[in-house]
Amino acid sequence: MNENRRQILEMLAAGKVTAEEADRLIAAIEDQPPATNGVRSQDAPTKNKAKYLRVLVESHEKDGPTTVNVRVPMQLLYAGVRLASLIPAKAHNQLDEALSKHGVPLTLSQIKPENLEELIDHLEDLTVDVDAKEDNTKVRVFCE
Amino acid sequence: MTPNFAVVGIQTPTWRCPRLWLPVFLLWIPVILHSPLIFLVLVAVAIAARVTIWKLIAIVWGILSGLPGTHVYVHAEGSQVLVRIL
């Protein structure tokens with residue numbers, strides 16, 4: 001019997017979780033790929049962690065094309081988020097208020113490296129195309 | 001790893017600067033020479049921000065180590081600016 005499954009059944013027997021919760025937990029572990037004692041199967045796809053955040057902007061204006069190509073290492077982003085921890089709590093509140101006044105309801109103190117990691121996971125391949133009336137502007141933000 | 005070189009290139013429609021390879025690693029010399037002063041500044045910042053000096057050093061080191069790989073290229077109206085940190 002799987003170790004996780006056994007623990008869930010023990011919790012159910014001890015009355016720590018209800019039958020419905022145990023059912024959901026078992027369903028959750030069944031969805032996970034089987035662990036092979038820490039050794040990854042060769043067939044299992046390896047998810048490469050993104051190293052860089054890329055921002056590409058292409059715009060065709062009357063004066064000529066405009067291109068912006070920015071590549072920021074993820075490590076720098078994480079360090080930047082940690083740098084935000086140096087901002088005093090009072091300044092956090094003032095910044096939050098100022099941001100919400102300008103329509104950005106953001107709480108800086110809640111942004112943590114793990115949140116950023118979650119955000120980056122969801123930013124795998126985001127493409128935003130902005131078409132102006134006269135100009136054709138394309139913005140692409142993605143991780144690589 | 002901290003940055004070793006910075007590549008800077010600037011080009012305008014009328015003027016072009018050759019790509020400059022700036023040896024950023026040479027900045028370690030003034031940093032080491034001024035290390036007592038830098039340490040005092042770090043201590044002052046750590047006290048002001050109410051964090052430990054080690055945490056502050058870790059953050060600064062994290063930023064320095066995160067810089068290599070940064071690439072910024074802007075081309076507009078015939079002018080180009082390129083900054084790469086290696």
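No value in this document is a laboratory result; all are computed from the given coordinates. All figures in this text were calculated on a predicted structure; none of them were measured in a lab. Quick reminder, even Gly has a Cβ in these numbers, built from the backbone with ideal geometry, and neighbours come from all protein chains shown.
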Which log10 I(q)/I(0) values, to two decimals, does chain B give at q = 0.10, 0.22 Å⁻¹ under the Debye formula with one point per Cα? -0.39, -1.02
Each residue of B:32-44 has, on average, a number of other protein chain C-beta atoms within 10 Å of its C-beta equal to 0
